[in-house]
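J.: Okay, handing you the structure first.
The values are calculated or read from the model by the stated rules, or taken from the named source; none is laboratory data. Because the structure is predicted, anything quoted here is derived from the model rather than measured. Cβ coordinates were reconstructed from backbone atoms using ideal geometry, including for glycine residues, and neighbour counts include every protein chain displayed. The protein model used for the area step is the full one, side chains on, heavy atoms only, and it has no ligands, DNA or RNA in it. Shrake-Rupley method; radii C 1.70, N 1.55, O 1.52, S 1.80 Å.
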Amino acid sequence: MNTAACFHCGEPIPRGVDFSIRIEHAPHALCCRGCQAVAQAIVDNGLADYYKNRTNLPQRGHELLPAEWEQLRLYDHPQIQKSFVLESGPHLKQAVLILEGITCAACVWLNERHLLQLPGVKSVQVNYGSHRARVSWDEREINLSQILAEIQLLGYHAHPYNAQSAAALREQRHKKDLRRLAIAGISAAQVMMFAVALYAGAWYGMEAGTAGLLRWASLTLTLPVMFYAAQPFYSAAWSALRSRHLNMDVPVVIALVSAFVGSVYNTLFGAGHVYFDAISMFTLFLLGTRMLEQNARERSVEAAENLLKLAPAMATRVSDAGQQFVPVLELIPGDRLLVKPGEAFPADGTVESGTSAVDEALLTGESRPVAKLAGSGVIAGSINLDSPLTITVTGIGEHTVLAGIVRMLDHALAEKPRLAQLADRVSGYFTWVLLGITLLAGLAWWAVEADRAFEIVLALLVVTCPCALSLAAPAALAAAGSHLLRRGVLITRGHALETLAQVTRVVFDKTGTLTAGKPVLQATQALAELDAARCLQLAASLEQASEHPLAQPFLACVKEAELLPVSDARNEPGRGVSGVVAGRRYSIGRTDLAGHTAQSGMTQVWLADESRLLARFELADALRNDAKALIDTLKTRGMQLSILSGDDLTTVRHIGDQLGIEDCRGGLKPADKLAALQSMQAAGEVVMMLGDGVNDAPVLAAAQVSLAMGGGTQVARATSDIVLLSERLPEVAHALNLSRQTMSVMRQNFAWAIAYNLIAVPVAALGYVSPWLAAIGMSASSLIVVVNALRLR
């Protein structure tokens, strides 16, 4: 066999194989036709920088066989796509895939760049932590099977994401990591016993034969550590060197290899020190701290997957033929389902008949059961507690609230805050500085005391591994995100926690945010020849086109069968709704349609035709029970508070007086709200905006950090940085407090990592740290960072 390695996958190239590729006029040998096809595709698409930036080797590429093509084409079948494909627009589809073979950040870059160059692919987001890819494409230009085939041609394997299969893959990886850790641990324990004997022998005296036996025994026990347990470090370091840059694994491998080679040499000739104890301990502690870091990072990933596992795989469908136990994949909107007590809802839906209580704790953080009756909405994954319910399906698969939550969580995990990005850059520069210092220290000791030079170099390489610096931010962010999710607060943007800690002003929408969002119609006054009942019927018919909370009391007062057909319906956020009924245009909206003012605490809505006012409606919306507690808490923390509302000023001021908020502004259109927000930002304020409606979307997007109520509109949730799934307002104050704690923990971690290295480097360079003590110090520094971050959970 030839000892040459494949340029693409790193596998040995068999004798007689002659595959190659030319990059920048230089030939590179490849091991098989599959790797040649992959490498050629990478180069042809202008992605050759992948080979410079990767830090790990990919799996071996291969050509797709006809049978594999046929298998991939099955994913184009509409029935199969129902369970995992979301229609995000006309002809636009979106799916979550699990990518096997992702080993480093360059793999993520390669997959994203390559797929985005395909005609019809609109967006690609690959999450390095979870190995999940969210892909959006135009079905008129490309099929899902073609996308999967392109990924496979790159040497990776993609298939539709499934929480159970992802958990199985993660479990398999954990078992392998535990196996490596166990081997390193067993070796370290035994080798340390021999090392104690050797140290004692060097002090009190020991026969040469006995010392040689202990050294050979230590060498034998260290072999599994060097050639199996430490293998991940070699792979990562080799990939980094091939791509002509350094990562934290390069000094680790230099330390391990040099210590092992030196120890073997001294064992063979029976002279000098051996460092088998340091090798075993260093590998053990490094594997342990990285496993802790990986577990902390995966907590938020598992939180999302645990949500997906809530929805059952089977459902009881009710039809004229009776009850059928069918797979959830076969359900379509409009199906009627029977959900018995103790069962989870298999899909989103509306209660058709029955009354019960539902446990939504895992979805929203709400610990108390929620009452459900005819007309109530239910969420896939929540649990029916008391009585049987018959529901009508409104959403399945990717069209459920549950899937939407996971999509937002994916988006948050794919982003890194500025502080974490800075840490990644600093740790990269630190590796170069470390190697430079180690070289200078080695040369200095070689000139002063050559016998100790090797030991000093080894101790420096081990004691200053930049693991703690790299762990400082990710461990804290993962712990905080997992904690908030359990309390019903979903972070949907990576920067949210960092920005939340800097907030100086909190701005509230009124309806649905500070109030319950369930206004009640108090009075109807007809102002023309139409009677009150006819005016109410017209109003309810127009409000069918609105998602605003003020639409619901009108719809509740008129039976569905009595609603009139409306054509050319127009919903103007912040103004109202208009439409044509029986050939005449009517509109219903705010008080600025007339010069009247509402009674204190009442909201006025006016109905008009093209020339005159027809009716005035008065509605009242009660404050949320926990709104006053939140406002009081924020005021004690020195926060500036404001209300920006589209409701009339009198009503807004009434709410402000009840809560103790002085800055109350009413009668605002979405553009007015945006202008008010921008004026606050221009004055130097860091603004957090809380809202729930379509008219809040522009200000939610413009605020430095925004929070949407979990029961708000889809547009509001999509444009916000945080979603309050539980709708418990005190959790807002808790999130603000936790964000500051998170930033404090991150700063503590950075301070510790920097202080540790400032102390450890000169002490080790002066020869006061032995290699085994350096291994303990390095691991302790990383462990302190992880444990400190886990306090946030």
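J.: Just to be sure before I move on: is LEU514 buried (at least 22 other Cβ atoms within 10 Å of the Cβ) and in contact (Cβ under 8 Å) with a residue 24 or more places away in the chain in the structure I sent?
T.: Here the answer is yes, as LEU514 does meet what is asked.
J.: Report yes if some residue within the stretch 762-774 is closer than 28 Å to TRP445 by Cα, in contact with a Lys or Arg (Cβ under 7 Å, 6 or more places away or on another chain) and open to solvent by 10 Å² or more (accessible area, probe 1.4 Å); otherwise report no. Break it down into steps so the answer makes sense when it comes.
T.: Taking the stretch 762-774 and keeping what is closer than 28 Å to TRP445 by Cα, we get 762-774.
Next cut, in contact with a Lys or Arg (Cβ under 7 Å, 6 or more places away or on another chain) only: 767.
Subsequent filtering for residues that are open to solvent by 10 Å² or more (accessible area, probe 1.4 Å) retains 767.
Yes, the conditions are met somewhere in the stretch 762-774.
J.: Search the stretch 663-675 for residues that are on the phi > 0 side of the Ramachandran plot and pair each with any residue that is of a type outside the set (Ser, Thr, Tyr) when their beta-carbon atoms are under 6 Å apart and the residues are at least 6 apart or on different chains.
T.: GLY667/ASP648; GLY667/LEU649
J.: Let me ask you something else. Give the number of residues within the stretch 678-687 that are assigned to a helix (DSSP H, G or I), of a type in the set (A, V, I, L, M, F, W, C) and in contact (Cβ under 8 Å) with a residue 24 or more places away in the chain.
T.: 1
J.: Further question: Going by what's in this entry, would GLU298 be described as assigned to a helix (DSSP H, G or I), surrounded by 17 or more Cβ atoms within 10 Å (Cβ to Cβ) and either at pLDDT 80 or above or among the acidic types (Asp, Glu) (or both)?
T.: Criteria met by GLU298.
J.: Any idea which of THR316, THR283, THR267, THR289 is at pLDDT 80 or above, closer than 25 Å to HIS174 by Cα and either open to solvent by less than 30 Å² (accessible area, probe 1.4 Å) or of a type in the set (S, T, N, Q) (or both)?
T.: Answer to the check: THR283.
J.: Quick check: is even one residue across the stretch 528-549 part of a strand (DSSP E or B), more than 30 Å from LEU773 (Cα to Cα) and in contact (Cβ under 8 Å) with a residue 24 or more places away in the chain?
T.: no
J.: Taking the stretch 173-206 as the search range and keeping residues that are among the hydroxyl-bearing types (Ser, Thr, Tyr) and open to solvent by 50 Å² or more (accessible area, probe 1.4 Å), which one is farthest from THR222 (Cα to Cα)?
T.: Of all residues in the stretch 173-206, those among the hydroxyl-bearing types (Ser, Thr, Tyr) come to 187, 199, 204.
Restricting the remaining residues to those that are open to solvent by 50 Å² or more (accessible area, probe 1.4 Å) gives 199, 204.
Numbers: TYR199: 18, TYR204: 26 Å.
In this case the residue turns out to be TYR204.
J.: Output the residues belonging to the stretch 628-677 that are farther than 19 Å from TRP606 by Cβ, among the small types (Gly, Ala, Ser) and not in a helix (DSSP H, G or I).
T.: Matches in the stretch 628-677: GLY638, SER642, GLY660.
J.: Out of SER781, SER720, report the one residue that is hydroxyl-bearing (Ser, Thr, Tyr), open to solvent by less than 50 Å² (accessible area, probe 1.4 Å) and touching a strand residue (DSSP E or B) at 6+ places or on another chain (Cβ under 6 Å).
T.: Result of the check over SER781, SER720: SER720.
J.: Restricting the search to the stretch 120-159, which residues are among the polar types (S, T, N, Q) and either touching a helix residue (DSSP H, G or I) at 6+ places or on another chain (Cβ under 6 Å) or in a strand (DSSP E or B) (or both)?
T.: SER123, GLN125, ASN127, SER130, SER136, ASN143, SER145
J.: Same structure, new question: How do the pairs read when you match residues in the stretch 558-586 that are of a type in the set (D, E, K, R) with residues anywhere that are part of a helix (DSSP H, G or I) and crowded, with 16+ Cβ neighbours inside 10 Å, using Cβ under 7 Å and keeping only pairs 6 or more apart or on different chains?
T.: Close Cβ pairs satisfying both conditions: GLU562/GLN537.
J.: Based on this model, can you work out whether GLY667 counts as within 19 Å of ASP621 (Cα to Cα), modelled with pLDDT under 90 and within 30 Å of the chain's Cα centre (by Cα)?
T.: Spelling it out, it is not the case that GLY667 is within 19 Å of ASP621 (Cα to Cα), modelled with pLDDT under 90 and within 30 Å of the chain's Cα centre (by Cα).
J.: Further question on the same structure: Go through the residues of the stretch 536-545 one by one and say whether even a single one is open to solvent by 10 Å² or more (accessible area, probe 1.4 Å) and out of contact with any Leu (no Cβ under 9 Å at 6 or more places or on another chain). Before the answer, list the steps.
T.: Taking the stretch 536-545 as the starting set, the residues that turn out to be open to solvent by 10 Å² or more (accessible area, probe 1.4 Å) are 536-537, 543-545.
When the remaining residues are screened for being out of contact with any Leu (no Cβ under 9 Å at 6 or more places or on another chain), the result is 545.
Checking the stretch 536-545: at least one residue is open to solvent by 10 Å² or more (accessible area, probe 1.4 Å) and out of contact with any Leu (no Cβ under 9 Å at 6 or more places or on another chain).
J.: Next up: Could you check the stretch 715-765 and list, in sequence order, the residues that are among the β-branched types (Val, Ile, Thr) and under 24 Å from GLY404 (Cα atoms)?
T.: Residues satisfying the conditions are VAL715, THR719, ILE722, VAL723, VAL732.
J.: Within the stretch 602-621, can you find the residues that are free of Cβ contacts under 8 Å to residues at least 60 places away in the same chain, over 22 Å from GLN658 (Cβ atoms) and either assigned to a strand (DSSP E or B) or open to solvent by less than 10 Å² (accessible area, probe 1.4 Å) (or both)?
T.: Going through the stretch 602-621, the residues free of Cβ contacts under 8 Å to residues at least 60 places away in the same chain turn out to be 604, 606, 608-611.
Now narrow it down to the ones that are over 22 Å from GLN658 (Cβ atoms): 606, 608-611.
Selection gives TRP606, ALA608.
J.: Sort out which residues of the stretch 732-783 are aromatic (Phe, Trp, Tyr) and over 27 Å from ALA480 (Cβ atoms), and write them in order of number.
T.: Within the stretch 732-783, TYR768, TRP772 meet the criteria.
J.: For the stretch 579-598, give me the residue count where each residue is at pLDDT 65 or above, hydroxyl-bearing (Ser, Thr, Tyr) and in contact with a helix residue (DSSP H, G or I) (Cβ under 7 Å, 6 or more places away or on another chain).
T.: Residues in the stretch 579-598 being at pLDDT 65 or above, hydroxyl-bearing (Ser, Thr, Tyr) and in contact with a helix residue (DSSP H, G or I) (Cβ under 7 Å, 6 or more places away or on another chain): 1 in total.
J.: Quick test for you: out of VAL769, VAL763, pick the one residue that is more than 20 Å from the chain's Cα centre (by Cα) and assigned to a loop (DSSP other than H, G, I, E, B).
T.: VAL769
J.: Let me ask something additional. Would you point out the residue of the stretch 4-38, among those that are β-branched (Val, Ile, Thr) and modelled with pLDDT under 70, that is most open to solvent (accessible area, probe 1.4 Å)?
T.: Across the stretch 4-38, the extreme among qualifying residues is VAL17.
J.: Taking the stretch 115-157 only, how many residues are surrounded by fewer than 22 Cβ atoms within 10 Å (Cβ to Cβ), without any contact (Cβ under 8 Å) to a residue 60 or more places away in the chain and within 12 Å of LEU92 (Cα to Cα)?
T.: Qualifying residue count for the region: 10.
J.: Moving on to the next point. Kindly indicate the residue of the stretch 622-663 that is surrounded by 18 or more Cβ atoms within 10 Å (Cβ to Cβ) and among the hydroxyl-bearing types (Ser, Thr, Tyr) and also modelled with the highest pLDDT among those meeting that condition.
T.: SER642
J.: Let me ask something else. Return a yes/no flag: does the stretch 133-141 have any residue that is closer than 27 Å to HIS174 by Cβ and touching a Lys or Arg at 6+ places or on another chain (Cβ under 8 Å).
T.: Looking through the stretch 133-141, at least one residue is closer than 27 Å to HIS174 by Cβ and touching a Lys or Arg at 6+ places or on another chain (Cβ under 8 Å).
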